[in-house]
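Data first, discussion second: the structure below is written as structure tokens.
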Amino acid sequence: MRAEVEELIDAVLDEADCIDDLIDAIREQREAMRRRDTEAVNALMNETRDLSFEAQSQEKLRDDITKKFAEKYSCGTNASSLVPVLDDDEKIDFNRAVDKLTQSVFVLKSEMMILTGLIDQHEQYTSMLLSEWRRLNGDIVSQSGSADFRG
């Protein structure tokens, strides 16, 4: 296998692995939220942020390698443009790597949709609680002219 093809495949797999780590951290974070483990949630938020930056770095690295490869072999930078310039054994490994990255991205998008839904639910619930608190607080103040917190 040519060294530049191996480098490209490694970059694709490294990005997929990084995304898989991010998915695991997001799932752990969601579980920590269910357990109401604030300390774990905060730690996992930091971890997901770091993994997100790492995934972006991996994506940039893969993109740079792909551009160099495409320039060298006069082809496009998307996977379907790269495959025709690969040897048969290279195609198999490259397609496996691309499939793994595609699957990882798909799962990450699903996890992000779940997380977004949970955040939206939490926001609505918090808004309802604040509204009720304001209503009750307004009733207490309006009945006595000032808030009375004595038993």
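Computed values, structure above
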| quantity | calculated |
| --- | --- |
| Filter pass, Lys100 being of a type in the set (D, E, K, R), part of a helix (DSSP H, G or I), within 30 Å of Glu4 (Cβ to Cβ) and without any contact (Cβ under 8 Å) to a residue 12 or more places away in the chain | no |
| Flag for Glu111 being at pLDDT below 95 and either of a type in the set (Ser, Thr, Tyr) or part of a helix (DSSP H, G or I) (or both) | yes |
| Residues of the stretch 112-128 that turn out to be surrounded by 11 or more Cβ atoms within 10 Å (Cβ to Cβ) and either aliphatic (A, V, I, L, M) or in contact (Cβ under 8 Å) with a residue 24 or more places away in the chain (or both), as a count | 4 |
| Within the stretch 32-89, tally of residues that are polar (S, T, N, Q) and closer than 16 Å to Ala3 by Cα | 1 |
| Breaking point among (1) under 30 Å from Thr66 (Cβ atoms); (2) of a type in the set (D, E, K, R); (3) modelled with pLDDT under 85, for Lys100 | (3) |
| Any chance Lys109 is open to solvent by 80 Å² or more (accessible area, probe 1.4 Å) and free of Cβ contacts under 8 Å to residues at least 60 places away in the same chain | yes |
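The values are calculated or read from the model by the stated rules, or taken from the named source; none is laboratory data. Because the structure is predicted, anything quoted here is derived from the model rather than measured. Using ideal geometry, Cβ is built from the backbone for each residue, glycine included, and neighbour counts are taken over all protein chains shown. These accessible areas exclude ligands, DNA and RNA; they are computed on the full protein's heavy atoms, side chains included. Shrake-Rupley method; radii C 1.70, N 1.55, O 1.52, S 1.80 Å.
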